[in-house]
Amino acid sequence: MKKEIESLISDLTTDQKASLVCGKGAFESASIPSQDIRGLIFSDGSQGVRKQRYVQDHLGMFPSIPSTCFPAASTLACSWDKKLMFRIGEAMGKEAASLKVDVLLAPAINMMRHPMGGRNFEYFSEDPCLAGELASSMIQGIQKTVSACPKHFLLNSQETFRMSVDEQASMQSIMEYYLPAFERVIKQSQPDWIMSAYNKVNGEYASENAFLLKQILRKQLGFQGAVMSDWGGGNDIIKAIRAGSTLEMPATNGQSKNEILKAVEEGRLEVKDLDKRAAEMLEAIQKADQRIEERKGSLKDQTPSYRYHHQLAFAAARKSAVLLKNDDNILPLDPMKRVCFIGDFEHFPIQGNGSAAVNPKFTENFKVIAKKYLNIPYKKSLGYRLHDESVDSKLELRAISAAKKADVIIVLAAFPLCESTEGLDRRKADLPENQKHLIQSLAALNKPIILIDAIAGAIELSIEPLVQGILYTGLSGQSSLEAMFSLLFGEFSPSGKLAFSFACHMDDHLVTNFPQKEPISYHSEQTKVGYRYFHTEHIPVRYPFGYGLSYTEFHLNFAGANKDGICFEIENVGNMDGDAIIQLYRKWEDHDEVSSEEVLVGFERIHLKKGQIKKGFIPFDEYTFRRYLPQSKRFAILKGEVNLKLAWNIEEPIWSTRIFLKDGEDVQPEVETNMPVHYRKSAWKMDLETPLEEFAHSPNRAAAKSIEWLIAYRDRSLKKNSPNLAVCALLSMPLKSICKLYPDLMNFDKAQALIDQMNEPSESGCSELIRLIHTVFKKDFSNSKDPMPLAPFNLEFVETARKPEDSQAGFVSIQSLKDKNPNPD
Ligand code: BGC
C-alpha cells in the first residue's frame, strides 16, 4: 500500500471504509466529503457510451444520452485492426469524459465458447490472441481520458442462468484458452478496473473466488487495479472482501455495509482485509483524478467531435465487413445495374441489446444514402417479416415481382433483436424459415443474389449455395448502411477476416448442451472451441476462422524468421487499393488431448495501394512459444522444434518454417495454478442461488404455479420474437441477486424465509413471492415498453392474498384470474 494511501486509510472509520467498498446508487461509488474523497461515476460501454439520464435507471428503461454507436465488438474484431481499436477507444473515452464519467465499463472480452451465446455480439472472438490484442489497444485508447473496466472475469460463457451457473473448466483450458485475453490486456494496457463475472468459476462465484482474484489475477497476471462485481453479481460480501473484490455494485441500500460492520465487530472480517479493499478504491479514485488532470492540458483536443466519431464509426464498419462469397466477381456492383433491395433496410440491425445498447447520436436514412451511390432508380420490397417466421406469400410475391425487373437482388439476412440480447442465449441456428423460403423463391429467377448478413456471429447459412455473393456486416453501428453501400459499389475493398468460425452445422461444435440449464456447465471440450477444434480434428467448416475475400489480390513475395519475429514482404497485385491481413499460427506436432494443434500467435493488417509493395513484421512475444505444462502447472518454453506458418486464414497457409527452441526456460514464475473445485451441485436445490425459473419444480404448488405461469408468458413472448425482457430477466434471477438488486424489497433473511415457504409442500401460501414479483415489475418495469404481465401478479390479487384468513388465496386466485384471463398476452 502506498504511504499516502496508508495514512488516508488510517484516518477513516470502519463505517467510512465499509461505505467505500459498497456502491452508491446504480452507477456510482460512495463519496466521503468530510475526508475529501469523491465518488466515481461508471457508465456502460461496449458499442459506445451508455450514460443513463437518471441515476437510478440501471436497467436502461429510459433512453440514454445520445452517443456514437460503434460496431459491436464481434464485428470490430473482424477488422483485425489494432490502430482502429485504439481510435475507437479514444473516441469512447472522450465521449465518456464529456459526460463526467470516470470509468467506462468496457470492453467485454470473454471467449465466444459457442455461437449460440446471447452476448457473443459484445465479445470479440473465439480466439484469445485476437481478442486480447484488439481489446488492449481499445483500452489504451479509452484510458487516455477515463478508466477502462474490461469484463467479465472469468468464463462468462452463457446467458442462461448466468447469475448462478457454475462454469467448471480444467486449469489447462483456463490457462491456455480463457485467461490469455485478460492476461494480454492486463500486461499490455494496465486497465484501472476489472469486472468480475456473474457466474461461479469451479464452484465459487467469480466475485468471491480468492483463487481467481488473488492467485491468478493479482499474483500471476500482476493486476494492479481494482475489481468490481457485475451488477447484482455479489453474494456474500464478507467472502468477497476477503477474496479480493474491491467494490460491490450497485448499492444495496446499506445492507452490505451493515453486514461488513457486523462482521468486523464479530471478528469474522479482519480489518486488514477491509483496509486493503478500501485502499484499492482510493487508488482507483486517484487514477481517475490523474486522468482528469492529464486531459486538462489539452482540453480542446478532448472535446468529442460527434461528426468525426460518426466518420470513425463509418470507417470501422467498412474495415470490419467480411466478403464471404463473390462468385464470378459479382461484386463490386456497377452503379448502372438495376438493383432490387429486399428486406427491411430502413431498420438495418446496427447493435445488440442490453447494457451495451447505445442511443445513437446520428441515424441513417436509406433513401438518402442509396441516392448517393445509385445512378439509376432502384426497387425495394420487404419480402418477409422479421418477427414472424411464417412465410407471408403476399410479401414474397411482391418481392419476386420487384426482383424480376432487376439485374441484381440484394437480400438482407437479419435476426430479431432478441437473438443478440444480454440475458438471453440465441435460439436460432440458421436463418428463419421465411427468409430461407424467400431466398429459394428468388433463386428460381436465375438472377444473381447478394446476401447482406447483418447477424452477429456465425449461423449455419444453409442457403449459401443459392446466392452468388455474401457480405458479412454483423452489427455494424450507426453508419452501417453507408458502409454497406460503399463496399457494394466498390468505393472500398472489403478486407475484414472472420474472428470466429462458421461451422456447417451447429452440431458440429464440440461444445454440447449449450446453454447448460443444470447448475454446472462442464467445459469438457477443454480448449477445443471453434477453429481449435475444427482444424485440429479436420472437421470441414463453411468458412474458417480468419477467412475473408477482397476485391484486390495480394502476393507474399518473401518471408523469413529471425530471433525477434517473422518479417515478410507483401504486394498488392490486384486492381484496387486494399488491406491485407497476414496471420501467424504456431503448431505443436506433439500437442496433447486438451490442447489444439495450431493457434494464432500474431497478425498484421497492412494497407497497400494498387501495385504497392510493403514490408511487414510480426514480432514474437511471451506467448509465442510458451506451453502450459499441466503436470507441473506452469508455463515453460521447452527445448525442441516448433512450426510457424503465415496464412490468409487457419485453413490457407502461405508460408511456413520450423524454429528450433534452444533452452528449456520458464517464462513465468512458478505459481500454484491448481484451482480448487469447491463443491458440485448436480441439481438445483431450491435455495438462494436457484434461478427463479426452477421454482416451477417447487413442492409448494402455489409458488410453482405462479412461476409456471410466468414461464408460459415468457415462452409465448419468445415465440413471437418479442420477448418480455423483464420477465426473462426475472426468471433467470436467483433470490440472492434479487436481494442485491432490490434491497428495499428483499434481504437475505426474508429471502431465506421465502425459500422455506416455497420448499414447504403445500397448495397455498405464496403471497410473498407474488408480492415480490409484482413489486419488482411495478418498480422497475412500469416505464418499460414490456408491459407487466397481468394475471396472476396484479395488485388486486396481492392485496387479497395478503389477508391472513385467506389461506387458500394464492392458489384459488390464480385459478380464478386465469379463468378470467385465458390469454395473458
Ligand atoms: C452487465 C455488465 C454491465 C452492468 C451494468 C450487467 O448486467 O453484465 O456488463 O456493465 O450490467 O450495466
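Every residue, every condition in (1) under 25 Å from residue 69 (Cα atoms); (2) charged (D, E, K, R), yes or no:
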| site | (1), (2) |
| --- | --- |
| 330 | no, no |
| 375 | no, no |
| 384 | no, no |
| 391 | no, no |
| 399 | no, no |
| 406 | no, no |
| 421 | yes, no |
| 425 | yes, yes |
Counting only residues that are at pLDDT 95 or above, closer than 21 Å to residue 387 by Cα and among the polar types (S, T, N, Q), the stretch 335-374 contains a total of 1
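Looking at the stretch 392-421, which of the residues that are open to solvent by 60 Å² or more (accessible area, probe 1.4 Å) and of a type in the set (A, V, I, L, M, F, W, C) is farthest from residue 728 (Cα to Cα)?
397
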Free of Cβ contacts under 8 Å to residues at least 24 places away in the same chain and among the hydroxyl-bearing types (Ser, Thr, Tyr): does that describe residue 31? yes
Does residue 167 count as among the charged types (D, E, K, R), open to solvent by less than 10 Å² (accessible area, probe 1.4 Å), at pLDDT 95 or above and within 14 Å of the ligand (Cβ to nearest atom)? no
Name the strands (runs of 3 or more DSSP E) wholly inside the stretch 101-212 in which the number of residues that are under 24 Å from residue 519 (Cβ atoms) and in contact with a strand residue (DSSP E or B) (Cβ under 7 Å, 6 or more places away or on another chain) is 2 or more. 151-153, 166-168, 193-196
Of the conditions (1) open to solvent by less than 30 Å² (accessible area, probe 1.4 Å); (2) farther than 21 Å from residue 647 by Cβ; (3) modelled with pLDDT under 95, residue 509 satisfies every one except a single condition; which number is it? (3)
Considering each of 438, 424, 451 in turn, give the residue that is within 16 Å of the ligand (Cβ to nearest atom) and surrounded by 22 or more Cβ atoms within 10 Å (Cβ to Cβ). 424
Please enumerate the residues belonging to the stretch 94-106 that are more than 19 Å from the chain's Cα centre (by Cα) and not basic (Lys, Arg). 95, 96, 97, 98, 99, 101, 102
Hits in the stretch 692-717 (condition: open to solvent by 10 Å² or more (accessible area, probe 1.4 Å) and touching a strand residue (DSSP E or B) at 6+ places or on another chain (Cβ under 8 Å)): 699, 701
Among the residues listed as 245, 256, the single one being within 16 Å of the ligand (Cβ to nearest atom), among the small types (Gly, Ala, Ser) and touching a strand residue (DSSP E or B) at 6+ places or on another chain (Cβ under 6 Å): 245
Residues within the stretch 23-38 that are more than 16 Å from the ligand (Cβ to nearest atom) and open to solvent by less than 50 Å² (accessible area, probe 1.4 Å), tallied: 4
Could you run through the stretch 624-641 and say how many residues are of a type in the set (Ser, Thr, Tyr) and crowded, with 17+ Cβ neighbours inside 10 Å? 2
Take the residues of the stretch 524-533 that are open to solvent by less than 40 Å² (accessible area, probe 1.4 Å) and out of contact with any helix residue (DSSP H, G or I) (no Cβ under 6 Å at 6 or more places or on another chain): which is farthest from residue 552 (Cα to Cα)? 525
State which residue pairs qualify: first residue assigned to a loop (DSSP other than H, G, I, E, B) and inside the stretch 11-23, second residue at pLDDT 95 or above in any location, beta carbons under 6 Å apart, and separation of 6 or more residues or different chains. 21/247; 21/277
On the given criteria, is residue 611 outside any strand (DSSP E or B) and modelled with pLDDT of 95 or more? yes
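Among the listed residues 385, 307, identify the single one that is closer than 23 Å to residue 404 by Cβ and surrounded by fewer than 19 Cβ atoms within 10 Å (Cβ to Cβ).
Of 385, 307, the one residue that is closer than 23 Å to residue 404 by Cβ and surrounded by fewer than 19 Cβ atoms within 10 Å (Cβ to Cβ) is 385.
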Out of (1) farther than 30 Å from residue 83 by Cα; (2) modelled with pLDDT of 95 or more; (3) acidic (Asp, Glu), the one residue 590 does not meet is (2)
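Has the stretch 325-334 got at least one residue that is open to solvent by less than 40 Å² (accessible area, probe 1.4 Å) and among the charged types (D, E, K, R)?
Yes.
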Looking at 153, 121 in this structure, which one is among the hydrophobic types (A, V, I, L, M, F, W, C), within 13 Å of the ligand (Cβ to nearest atom), within 18 Å of residue 186 (Cα to Cα) and modelled with pLDDT of 95 or more? 153
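The values are calculated or read from the model by the stated rules, or taken from the named source; none is laboratory data. All of these numbers come straight from a predicted model, not from anything done at the bench. Every residue, glycine among them, receives a Cβ derived from its backbone with ideal geometry; neighbour counts consider all protein chains shown. What goes into the accessible areas is simple: the full protein's heavy atoms, side chains included, and nothing from ligands, DNA or RNA. Shrake-Rupley method; radii C 1.70, N 1.55, O 1.52, S 1.80 Å.
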